[in-house]
Every structure is written in C-alpha cells, then in structure tokens.
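The values are calculated or read from the model by the stated rules, or taken from the named source; none is laboratory data. This one's a predicted model, so the numbers in the text were calculated from it and none came from an experiment. Please note: Cβ atoms are built from the backbone with ideal geometry, for glycine as well, and neighbour counts cover all protein chains shown.
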Amino acid sequence: MNDIEEFRHTVREWLEANCPTSMRGLMLADEMVWGGREIDFKTEDQRLWFERMRDKGWFCPDWPVEYGGGGLTPEQTTVLETEMRKLRCRPPQINLGIWMLGPVLLEFGSEEQKRELLPPMARGEIRWCQGFSEPNAGSDLASLQTAAREDGDDFIINGTKIWTSYGDQSDWMYALVRTGPKEPKHAGISLIVLDMKSPGVTVTPIDLISGKSSFCQVFFDDVRVPKSQLIGEMNGGWALAKALLGHERRAMSKFSQISLPTHFSLLETLFEYLPEPQTQSDIALFQRAISLRMDEHAFELTQRRLNEAARARQDVSAMMAIQKLVHTEQEKDKFEVLLDVMGRRALGWEGSAFTDQQLALTNTWLNAFTQAIAGGTSEVQLNVISKRVLGLPEAK
Amino acid sequence: MSLVYNEEQQQLDDSAREFLADRSPVSEQRRLRDEQQAEGFDAKLWQQMLEYGWGGIALPEAYGGLEFGFQGFAPVFEHIGRNMVASPLLTSIVLCASLVNDLGSEQQREEILTELIEGKRRLALAVQGQDRFRADNFDVQITDTKQGFVLDAQDLWVPDANHVDGLLVAGQLPSGDVALFIVDADTPGVAIEPLHLLDARNHARVSLTQVQVSAAERIGTGDIQAQLELAFDRATACVAAELMGATAAMFDMTIEYLKTRTQFGTTIGSFQALQHRAAWMLADVELARSALMAGFEALENESCSVEQRQQLVSLAKWKVGETAHKVSREAVQMHGGIGVTDELDLGFYLKRSRVAQILFGDSDYHCERYGKIAQQLSAEIE
C-alpha cells in the first residue's frame, strides 16, 4: 500500500468512527450549522461532529497548520473530500470565510493578517459575510461608491451594501470600498475586513416577493476601521474581487452538492394535476410542460457530460460557462408551466386551504426570479459567454 | 458507457473529420446538385467510405464488420452533417444491413451482408407513405396467397431508392402482424421514380402494384415491429448526429461572420443584441450534444429498457432538431443579404436540415413519444 492509499484507509476509518450517523446524507436548509460567535447547535451530534472536525483542522484541510488548517497536501485533501462524499458526511459547518476569503487571505494577506484572521476562521469561531453589491452597483460592480476616507491610522467608511446574505447574523464582513475617488473606477477599489459590531454599522433584512429572505442591506455611518484591516494593496482590490468571485463559483457548486434543494419534479407535478389531458388546451399545456422537462433533461445530461469530459481532461469551458444561465432560466420556465398546470392551487400565499407542497411550489416560483439575478444576472452570463467562450469583440 | 467519445469513437472521429473535409467538402454537394444526377451521391466516394470500414461499424466480424456498436456512427454522421456529404450509409447500412443482420436467416445474412458492406449491393427501406412519420404506421398492404405474398402501396417516400438494387419492404398482413421482405428493384410491379426534394439528394417515390414475392424473400418472423422500431431508433440517432454536425457548422460559420463583417464602422459581433443571441445558441448546441450522446449511449446500453431507449432517442432528435431549427434561422438572419444567396453554402445546410428534421419524426412527434413514455414509466413506479 502506498502512502496515499494508507492515508485513505486512515481517513475512512476515522470518518466511520467519528461522523455520527445523523450527520450523513443530504440536509435541509435549517439543518446546516453556520460557524460563528453565536453558533447554534440543534443536536448533540451536530456539536460532536463540529468539534471533532475542528480539532483535526479539517474545516480547511489544505491550509497550513500554523494558520489553523489541517496541513494536508492537495492530493490528501482530495482523498478526504472523496471519502466524505462516499460516506455522505455533511459538512460540519458552513462558513463563507473559509470558502471565499480564506484562500484570498492566504494568497494576498500580510503575515500578521494571516495569523490574526485565519485561525479563528479555521476554528469556525467567526461567521463572515460579503459586502460587494450596492444599490447602484449591481451588474456594474466596479461602480461601487461606499467610501473609505483615510484618517490617520484608520479609514472612515460611509455608504451602504445590499444583497448581503445573512448580514444580520454575521460577525465580520469583507467588503469592497472606494479608496480612490479620483482614480478610474476599477483602480480606486480596496478590499477591507471589518467587525460587524463596529459603531455605525446597521443591518436591515430585506423582504422579497417570495417573503422573508436571508438578504440584508448594511449601512455604514462614519464607521472607523484600522488601516491594518486593508487586504492587499491600497486601490488594488479589484484583482482580489475577481479572485473572490472565482471562489464564489466554486463555493456555490459545493453548496448545491450538499444541500437538499427544494426540488419539484416537473413530471410528478404534471401527472398529478393533469393525468389525462382531454381538451385541446389541456393537451397543448401538457405538451408544453413535456418539452420543458425535455430541456431540463438535456441540461442534466450536460452536467453529466461536463463531469465526464473534465475527467477525460477535455476542454469544458463552454459547458461551464452556460451552467448558471441555463439552469436559472429553465427554472423560471419550469415553475411558470407548473403554475399553469396547477391552476388556482398554485395561487396560495398561506393558510390551510393549500397543502405545504402547493405553498412551497408557489414560493419557489417567486424565488426563481432571484436566482436568475443573484450571482451574476443572466445578461452578465450572456456577456461572459459571448466574450470569453465565443471570442466576440468588446463594444466600441 | 459514457457521454464522451470512447477510444473507437475517437478514432472514427479523427479519420472522418480529415477524410470528409478533404474529400467531400460542401462544394462536392454543390457539384452533385448542379449536375442533377439521379443517384444523388458520388459512387467513388461511397466506395471509399466503405473501404474505411464504415459499412461494418455495427456488424459482426464474421461478415466483415468491425463490431464497434452503433455508437461508432455518432462521429461519422456528425462529420457527414458538417460537410454536407450525401451517401447511402443511413439507408443501405444503418437501416437495411442491420435489419438483415437482426432478422435474416443464416443464408440471407451470408448472401446479403458482405455485399452491402463491400458496396456490391445497395438496399433502401420502403415503409413510409404518410406525410408525417409514425413508427407504428404501415402503408404497405400485404396479401397472403398460396404462392407467396402480394405487396401493394402507393406513393411511398423512400430516400436513396433511385438506382438501388433492391428494397426492404415492411408492411402489415391482414392479421395485423408486420412482415419484412427483400424485393429486387426490377421485380414486376415495382415503380421507382425520382422525387426532387430541396436537399437535392437521392429521394424517390415508390409504388408497389401487385408485387409478387415468395416466402424465401421474407426476412424474419415473430415481432418484426419491435425490431423495426429499434431500426428506426438507430436511424433517428444517426439523423440526429447528422443534424448536430450541420448545426455545429452553421453555428461556427455564423460566429466567424460576426467576427469579420463590419457595419457602422465596427464588427457586428460587438453588438450586444447579436452577442446574446449567439450565446444562447451556444447553450442550445451544448445541450443538444449531451442529448445526442445519451441517445447513442441508450442504443448500446443493455441495462436500458426499451422504453428508456425510446425516450432518450426521442430526446436526442427533439433537442438536436429544435436547436437545428433555431440555429439555422439565426444563421440566415445574422448573415443578412448574403445569407439568402445560393452563393453562400449556408443554404445547403438550411435545406438539408429541414429534410433531416422531418426524417423519422419531427420535434412534435418525439415530444409526444417522450411524454407518453414518461407517463407510462411513472405509472409503473406507482
């Protein structure tokens, strides 16, 4: 047995012995454990699994030991992830800091910042949120206006961030701020980190068309942040933002692998509500629903082909680039047609006249609009595909 | 089983790409059209294709085949579509040789298969008379007489039937059973006349008037209909692969044009209105390719039930057909004036795609079949 196989063996034994049975399999949104100052364990198994993985340093297995990581090689990390997948181990905690900011700090942070910020992150003690979008900087993120004015050893922050997921439950934020108001827009942005308890920070949750959401708006009113909390170069934040967004795509795909989506089978719903289409309009609706299912099926096959092509080391850039666009646009179409199929049963907002399933479907329809806007709108995706994949020229 | 090419498919992909682009680019199809030969394909090219072994891709080694399985046809038909190559590969090999192999007696297989693979004989399948294809529809009437059988049919649409050596004819007996016969083209009562379709290929109208055949010319017994449906599924997948190649070619031509055509002092590909439409085309092309690969996979996957195979083949034809439709319309529109001239090769792709979309069932047909099977499978689970 070579070293890596021996490692695999040890890891599997450890996981089998230490991952409680209730911590295996897909999980619902409210079963996730979010690390942070006010960590909330709903079961004893959640706490056990969290602490055992934390003590191994396996929240961030490939980070160096001196920053609180597990010190594993990339190969060993892959083995750990594979074995966790095989046993269907849930992630012991979810933390944007580890998935997104951590890798950027490791690459661009100063030695002091790494020693100060990484170990608590690696122990799941701090919950991080992301301050990127602003009311007037959505798809055009680089036009952001939240200002960081220099004042001695500090920055004074004024402005607002929006669409901050779980802003009201987070301990720290990493944020893009404008430090160079006279520079060209991409060249006047810096990345800073700040404690959400700092005086002058207020957070307001946002209600969506689908109801309550995790999104918040965060306001900064003369918030004082030490200059030592600037990450990377002054006015050099745009490169870091791009690196962070690269990690966001990876984090999103990890996230979708572990969570049980509010999944509605188009066919099941169709056959339940329209088992025997009789009239011309029923038949036409039935056929429209089937064709949307076929498109969804073709997308599922594309995800499979993407994985197989990646394993065969083929160029998968085109298939990668279309994922978000196709999925979110298909979801909108799918729920629209299901609403048609269910008729008045799909119009419920609350109350016992509707089943939980019916209410959830309607809610998911409304949520589908958000998905095609968040994380890069469909139009931004189309821009990216036409320029990076098709090589079409920039507009003059 | 996989949605990416295996080693054999990769080899076929490499050789078909080089050979067809070199030996039979679209200009060859233009020449054939302008010369108006009834055969509609280049006999020399056909021989060369057979020398590459393409006739035997899915046939047993005992008859000179390669035994790669039907998946081997995916790359070959893709390049056939990319280069607008006319040949009887679909009719004489994918349909007829496979039916003889599946259903024929040992003697029939020995007599016919080697000749088909070597190109010494050419067959076409006569079955379809209706305007729109249905796999369970038979337009040939068969009467059982003491001397043998009598076949009757009017106005069948038979691709590649001009100058063919013989026909495989499928029809319905009075009992409702389906039977298959091999009929020499010069048998009395067989009338084959050219049918000029917009793809300028070899198509024919075939009529059978009191055509007498003996029991020796009957191929197979038992559930012929199920075997025919399998043969249609194989042909459907191959037509979908051809459409995929044609669609990819139209898409590539269009993206290239967007990068070179200038108006208003800039390349038109810099306009966002066109960029977004181009990006959507790419998304559909990728989805279509995945569906196509799954269709071919289902043809060879033994753990796939008949219903699952039918469903995945229908998905392939539907998605590739819808994408071909979208891309061909966009290709013409984005080329502007030059797009509607005969000088540009695009017209050949547009016209052939239209024919291929109809062959073995259009999008609506395959959507309906997919839905019916889905409902059937879901009822079985409950």
Looking at segment B:173-196, can you tell me whether even one residue there is in contact with a Phe, Trp or Tyr (Cβ under 7 Å, 6 or more places away or on another chain), buried (at least 21 other Cβ atoms within 10 Å of the Cβ) and either assigned by TED's automatic domain parsing to the domain that holds B:ASP102 or touching a residue at least 60 places away in the same chain (Cβ under 8 Å) (or both)?
no
With the first residue restricted to segment A:79-101 and required to be under 15 Å from A:ARG123 (Cα atoms), and the second required to be in a helix (DSSP H, G or I) and of a type in the set (Val, Ile, Thr), Cβ contacts under 9 Å at 6 or more apart or on different chains are A:PRO91/A:ILE258; A:ILE94/A:ILE258
It is to be established whether one or more residues within segment A:25-40 are hydrophobic (A, V, I, L, M, F, W, C), more than 23 Å from the chain's Cα centre (by Cα) and farther than 26 Å from A:LEU117 by Cβ.
no
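Going by what's in this entry, would B:GLN29 be described as within 14 Å of chain A (Cβ to nearest Cβ) and at pLDDT 95 or above? If you could, list the steps in order and put the result at the bottom.
Working: within 14 Å of chain A (Cβ to nearest Cβ): no; at pLDDT 95 or above: yes.
Here the answer is no, as B:GLN29 does not meet what is asked.
For every residue, the table says whether it meets (1) over 23 Å from B:SER2 (Cβ atoms); (2) of a type in the set (A, V, I, L, M, F, W, C).
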site: B:GLY53; (1), (2): no, no
site: B:GLY69; (1), (2): no, no
site: B:ILE80; (1), (2): no, yes
site: B:ALA97; (1), (2): yes, yes
site: B:GLU110; (1), (2): yes, no
site: B:GLU118; (1), (2): yes, no
site: B:ARG121; (1), (2): yes, no
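Residue-wise test of (1) out of contact with any helix residue (DSSP H, G or I) (no Cβ under 6 Å at 6 or more places or on another chain); (2) farther than 19 Å from A:LEU208 by Cα; (3) not assigned by TED's automatic domain parsing to the domain that holds A:SER213.
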| site | (1), (2), (3) |
| --- | --- |
| A:ILE283 | yes, yes, yes |
| A:ARG304 | yes, yes, yes |
| A:ASN307 | yes, yes, yes |
| A:ALA310 | yes, yes, yes |
| A:LEU338 | no, yes, yes |
| A:ARG345 | no, yes, yes |
| A:GLY348 | no, no, yes |
| A:SER352 | yes, yes, yes |
| A:ASN363 | yes, no, yes |
Could you name every one of the helices (runs of 4 or more DSSP H) located completely within segment B:242-359 that has at least 1 residues being within 14 Å of another protein chain (Cβ to nearest Cβ) and either touching a residue at least 12 places away in the same chain (Cβ under 8 Å) or crowded, with 23+ Cβ neighbours inside 10 Å (or both)?
B:272-300, B:306-335
Could you list all residues from segment B:85-100 that are over 13 Å from the mean Cα position of the chain (by Cα) and crowded, with 24+ Cβ neighbours inside 10 Å?
B:ALA97, B:LEU99, B:VAL100
Filter segment A:349-396 down to residues that are more than 14 Å from chain B (Cβ to nearest Cβ), part of a helix (DSSP H, G or I) and of a type in the set (Ser, Thr, Tyr) and give me whichever is nearest to B:HIS276 (Cα to Cα).
A:THR370
A:THR362 vs. criteria of a type in the set (Val, Ile, Thr) and touching a residue at least 24 places away in the same chain (Cβ under 8 Å)
no
If you check every pair at least six apart or on different chains, which have Cβ atoms under 9 Å apart with a residue in segment A:298-323 that is facing another protein chain (nearest Cβ under 7 Å) and among the β-branched types (Val, Ile, Thr) first and a residue that is surrounded by 14 or more Cβ atoms within 10 Å (Cβ to Cβ) and part of a loop (DSSP other than H, G, I, E, B) second?
A:THR302/B:LEU3
Checking the structure you have, find out if any residue of segment B:205-228 is in a helix (DSSP H, G or I), crowded, with 23+ Cβ neighbours inside 10 Å, under 17 Å from the mean Cα position of the chain (by Cα) and modelled with pLDDT of 95 or more.
yes
Does B:ARG109 fit the bill of being more than 28 Å from B:MET293 (Cβ to Cβ) and outside any helix (DSSP H, G or I)?
no
